[in-house]
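Chemist: Quick one: the structure is below, questions incoming.
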Amino acid sequence: MAETMKGLKRTHRCGELSAANIGETVTVMGWVQKQRNKGGIIFVDLRDRAGILQVIFEEAECGAENFEKAEKLRSEFVAAVTGRVEKRAAAANENLATGEIEVRALQVRILSEAETPPFPIEADSRTKEELRLKYRYLDLRRPDLQKNLILRSKIATTIRTFLSEEGFLEIETPILNKSTPEGARDYLVPSRVHPGTFYALPQSPQIFKQLLMCSGYDRYFQVAKCFRDEDLRADRQPEFTQIDLEMSFVDVDDVIDATERMVARVCKEAIGLEVALPLKRMTWDEAMNRFGSDKPDTRFDMELTDVSDIVKDCGFGVFTSALEAGGSVRGINVKGQAEMPRKKIDALVEFAKGYGAKGLAYLSVLPDGSYKSSFAKFMTEEELKALVKAMAGEPGDLLLFAADKLKLVWSVLGALRIEIARQLDLIDDNKFNFLWVTEFPQFEWSEEEERYVAMHHPFTMPMEEDLALLETEPGKVRAKAYDIVLNGVELGGGSVRIFQSDVQERMFEALGFTKEKAHEQFGFLLDAFKYGVPPHAGLAIGFDRFVMLLVKADNIREVIAFPKVKDASCLMSDAPNLVDEKQLEELHLRITE
C-alpha cells in the first residue's frame, strides 16, 4: 500500500552523498534499482538523477514494520528512506560515486508501487530503440540518458550566461508565422478565425531577428524552437532547438569571434575540453576540393586529388568522356589497402552508386610495385606511373577514382572517404576538430526549378568584390556566409545580411522574384528597411547536434527528451493522429481520400 510523505523532507539526492556525510542522519528518495534479500539483511540500491546509493535494512535497527516494507520493495518502486550514513562495511564499489558509503536505514516509506518495467532501467541498454521510445518516460530514467539531458541543461545555462555577459538580450520571437516557401517545407497551422488561411511554424527566427536589429536591440539571442517538414536523419528532427543570435554594426570576423569564444566556454565547462582559438578556417572551394564536402571531417587524411590533367589524353573512355562533357576525374588514396579483397571493393562501388556514381575505377599498387586495376589495359605504363605519382601512391596503396560532373564527383568521393575511414577505424572519437568554412557560393542551380536558388537564404550579403557579377555571372558570386563544423557535422552557420534595399532588390531579381512576389512574401521586412537599418550579421548553432557531438552519441534522439522517429511520429504519444470531425469543421477543413 503506497504511503504519503507525511511531512518528510528530502535532505540529499542519492548521488550527492559522500564520505564527508559519514555520521549524518539523512533522508533520500528515489526509485529502487534492485533489492537483494540475504535473510536478516536487505540491500537496496536506490536511484535518482544524481546517482545510485546502497541502503541496508536490518530489523534490529529499523524495526519489524520497516523491515517488512523493505521486503516488499521491487524494481522501480518509489521509496523514501531515512538513515545514517556509514562507511561501507565491504570493500568500496569503485563503479559508484557513492561507493565508499552506505546508508543504514532507520525508516522507509513506499511512496509508489510499480509494475515490472518492459525493459531493464540501466545504462547502455540493449533494448530495441522502438520499445524504449514507446516507453520513453521509463527510458528517460536510464543513467546515461539522464546524464545527457542534465549536461544539455548545463550547456544551455552556460550559453545564456556567456551571451548575457557579452551584451546580448534574450528575446522571444513568434511561433505562429507567415509561410515563406523558400527553403524546406513548412509545418502549417490552419486558422479558425481566418477561414482558409494558415500560419507556418518557424524554420528559424530569421526575419524577426533582422527586424530586431532594425529596432535597435543591437545584440539578440534566443534558444529557439524551430520546425522543418523534411526527411529525418540521425542528426535531424522535425522540431529542433537552435542557439540563434544576431549582431548590429559588425562584419564576418565579429560574429566568428563571439561564436568561437562561446563554443570554447561550453566545451571547457561541459566536458573539460580546451579548444584552441582562433579556429581554423577554409574557403568553401578549398573544402570541396580537398574533402568533397562543405562540412569536412578533418580527423583523418585521405584527401581528394584532381587528376583531370593527367588522364585527359589517356585511352580510358570513362575518364576522357567525363572530361569532354565538362566534368572532372578525381581520386582518393586508401593507404595500405592495395590487397583489399575484390568483394570489399565491389561493395564500395555499390556504395558510390548510392550517391549517383555510375561506378568507381580502382588501381592497386601492389607491394612488388606492379599494378592491379580495372582500367590499366587502357593506359600506357607511363600514364599509369604519372597517375600513381599524382596520387602520391606507394606500394601497398589502393587508389579509387570517380569521373563525372564535378558536383557529383565531390559528393561520391566525399562520402566514400568517410565510409572507408569508418570501415578501417581511422577516425579518432576522442578528437574534436572544429573549423570554419567560409565564402560559400551565393547561389546554387536548381535542376528541378531551372533557376538559381539561394544556398543559404535571400538575405545573405554577397562578397563586395562579387557584387558586379550578380546579373552577369551569378554562379560565380560568393557569399559572406560561414559555417562552423565539428568532426564532419555542420554545427551551425550564418552570414552577413543585406541591409541596402538596392542590393536586396538585385538579389531578389537574381532569384527570379518579381518585385510584387518579393513584397508579397517579405513585405514587412522590406518596409522596415526603408526606415534606417544597421549593418548586421548573425548565426545559428544546432543545439541538439552540439550536445550530441559533445556526449559522443550516435543519434540526436539520445539528447532530446521526447524525440520523433524517422517518419516524424512519436511512438509514445502516437502523434500525429486523427482529430475530431468537429475540430475540422471549426477550422473549415475536410479530409479527402
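Chemist: What FRET efficiency would be calculated for the residue pair Asp428, Asp144, taking the C-beta separation as r and a Förster radius of 22 Å, to the nearest 0.05?
Modeler: 0.50
Chemist: Counting only heavy atoms of protein chains, what accessible area per residue, in Å², does segment 384-508 have with a probe of 1.4 Å?
Modeler: 42 Å²
Chemist: Quick one: what are the phi-derived ³J(HN,Hα) couplings along segment 43-51, Karplus 6.51/-1.76/1.60 with θ = phi - 60°, whole Hz, x for glycine and proline?
Modeler: Here the 3J(HN,Hα) series is 9, 10, 8, 9, 10, 9, 5, 8, x Hz.
Chemist: Let me ask something else. Can you figure out the FRET efficiency of Thr157 with Glu516, using R₀ = 45 Å and their beta-carbon distance, to the nearest 0.05?
Modeler: 0.45
Chemist: Counting alpha carbon pairs within less than 8 Å and at least 6 residues apart, what relative contact order, in whole percent, applies to the chain?
Modeler: Taking the mean separation of contacting Cα pairs over the length of the chain, I get 13 percent.
Chemist: How would segment 212-282 be classified by its alpha-carbon gyration tensor: rounded, prolate or oblate, with rounded meaning a/c under 1.5 and the a/b versus b/c comparison settling the rest?
Modeler: Oblate, because a/c is 1.5 or more while a/b does not exceed b/c.
Chemist: So how do His194, His456, His536 rank on accessible area, 1.4 Å probe, biggest first, that is with the largest at the start?
Modeler: His194, His456, His536
Chemist: At a probe radius of 1.4 Å, what is the per-residue accessible area of Asp428, in Å² to the nearest 10?
Modeler: Taking all protein chains as shown, Asp428 has close to 60 Å².
Chemist: A follow-up question, please. For Arg236, enumerate residues with amide H under 5 Å from its amide H, sequence gap 5+ or separate chain, H modeled in the peptide plane.
Modeler: Under 5 Å from the amide H of Arg236 lie the amide H atoms of Ile556, each far enough along the sequence or on another chain.
Chemist: Quick one: length gained pulling Ser370 to Glu59 fully straight, 0.36 nm per residue minus the C-alpha distance?
Modeler: 103.9 nm
Chemist: In addition: Just to confirm the number: angle between the C-alpha axis of helix 381-390 and the first principal axis of the chain, 0 to 90 degrees, nearest 10?
Modeler: So the inclination is approximately 50 degrees.
Chemist: Can you classify the chain as rounded, prolate or oblate using the Cα gyration tensor, where a ≥ b ≥ c are the square roots of its eigenvalues, rounded means a/c under 1.5, and otherwise it's prolate if a/b beats b/c and oblate if not?
Modeler: oblate
Chemist: When all protein chains stay in place, what accessible area (Å², nearest 10, 1.4 Å probe) is found for Thr11?
Modeler: 80 Å²
Chemist: Turning to a different aspect of this structure: Over segment 66-138, what is the mean sequence separation of C-alpha contacts under 8 Å (at least six apart), divided by residue count, expressed as relative contact order in percent?
Modeler: The value is 35 percent.
Chemist: Between the alpha-carbon centers of segment 338-370 and segment 456-528, tell me the distance in whole angstrom.
Modeler: Cα centres, segment 338-370 to segment 456-528: 41 Å.
Chemist: Hey, any idea what % of the chain's accessible area is carbon plus sulfur with a 1.4 Å probe?
Modeler: Carbon and sulfur atoms account for 50 percent of the accessible area of the chain.
Chemist: For segment 213-269 and segment 1-32, compute the distance between their C-alpha centroids and round to whole Å.
Modeler: Their Cα centres are 40 Å away from one another.
Chemist: Could you order Ile101, Ile175 by accessible surface area, starting with the largest, using a probe radius of 1.4 Å?
Modeler: Accessible-area ranking of Ile101, Ile175, largest first: Ile175, Ile101.
Chemist: Taking amide hydrogens as modeled 1.01 Å from N in the peptide plane, which residues meet the under 5 Å criterion relative to Thr283, leaving out close sequence neighbours?
Modeler: Thr438
Chemist: Something else now. Tell me, what HN-Hα J-couplings in whole Hz come from the Karplus equation 6.51 cos²θ - 1.76 cosθ + 1.60 at θ = phi - 60° for each residue of segment 239-245, using x for Gly and Pro?
Modeler: Values, residue by residue: 10, 8, 10, 10, 8, 10, 8 Hz.
Chemist: Then there is this: Compute the FRET efficiency between Arg451 and Ala123 as 1/(1 + (r/R0)^6), taking r as their Cβ-Cβ distance and R0 = 51 Å, and round to the nearest 0.05.
Modeler: In this case the efficiency is close to 0.50.
Chemist: Still on this model: Would you compute, from DSSP H runs of 4+ residues alone, the mean residue ellipticity of the chain at 222 nm, taking -39500 (n - 2.57) per run and dividing by the full residue count, rounded to the nearest 500?
Modeler: -9000 deg cm²/dmol
Chemist: In addition: Could you give the distance between the Cα centres of segment 382-410 and segment 278-303, to the whole Å?
Modeler: Centre-to-centre distance over Cα atoms comes out at 19 Å.
Chemist: Taking 18 Å as the cut-off for C-alpha to C-alpha distance, list the pairs among Lys147/Lys295; Lys353/Lys407; Lys295/Lys476; Lys353/Lys405; Lys34/Lys72; Lys358/Lys405 that go past it.
Modeler: Lys147/Lys295; Lys295/Lys476
Chemist: Probe 1.4 Å, all protein chains in place: accessible area of Ile418 in Å², nearest 10?
Modeler: In the full protein context, Ile418 sits at about 40 Å².
Chemist: When the C-alpha atoms of segment 158-275 are aligned to their principal axes, what extent does each axis show, in angstrom, from largest down?
Modeler: 53, 38, 22
Chemist: Starting at the first residue of segment 415-424, write each ³J(HN,Hα) from the Karplus equation 6.51 cos²θ - 1.76 cosθ + 1.60 with θ = phi - 60°, in whole Hz, x for Gly and Pro.
Modeler: 3J(HN,Hα) across segment 415-424, in whole Hz: 6, 5, 5, 5, 4, 5, 4, 5, 4, 8.
Chemist: Could you order Tyr531, Tyr135 so the one with the most accessible surface comes first? Probe is 1.4 Å.
Modeler: Tyr531, Tyr135
Chemist: In nm, to one decimal, how far is the modelled label at Leu526 from the one at Arg88, with both set 7 Å along Cα→Cβ?
Modeler: In this crude label model, Leu526 to Arg88 measures out at 7.0 nm.
Chemist: Right, next: Given axes a ≥ b ≥ c from the Cα gyration tensor, I'd like to know whether segment 466-571 is rounded (a/c under 1.5), prolate (a/b larger than b/c) or oblate.
Modeler: It comes out prolate by the Cα gyration axes.
Chemist: Can you list residues from other chains, or at least 5 along the same chain, whose modelled amide H is less than 5 Å from the amide H of Arg451?
Modeler: Result for Arg451 returns Ser446.
The values are calculated or read from the model by the stated rules, or taken from the named source; none is laboratory data. Just so it is clear, the structure is predicted and the values come from calculations on it, not from any experiment. Please note: Cβ atoms are built from the backbone with ideal geometry, for glycine as well, and neighbour counts cover all protein chains shown. Calculation scope for accessible area: heavy atoms of the full protein, side chains included, ligands and nucleic acids excluded. Shrake-Rupley method; radii C 1.70, N 1.55, O 1.52, S 1.80 Å.
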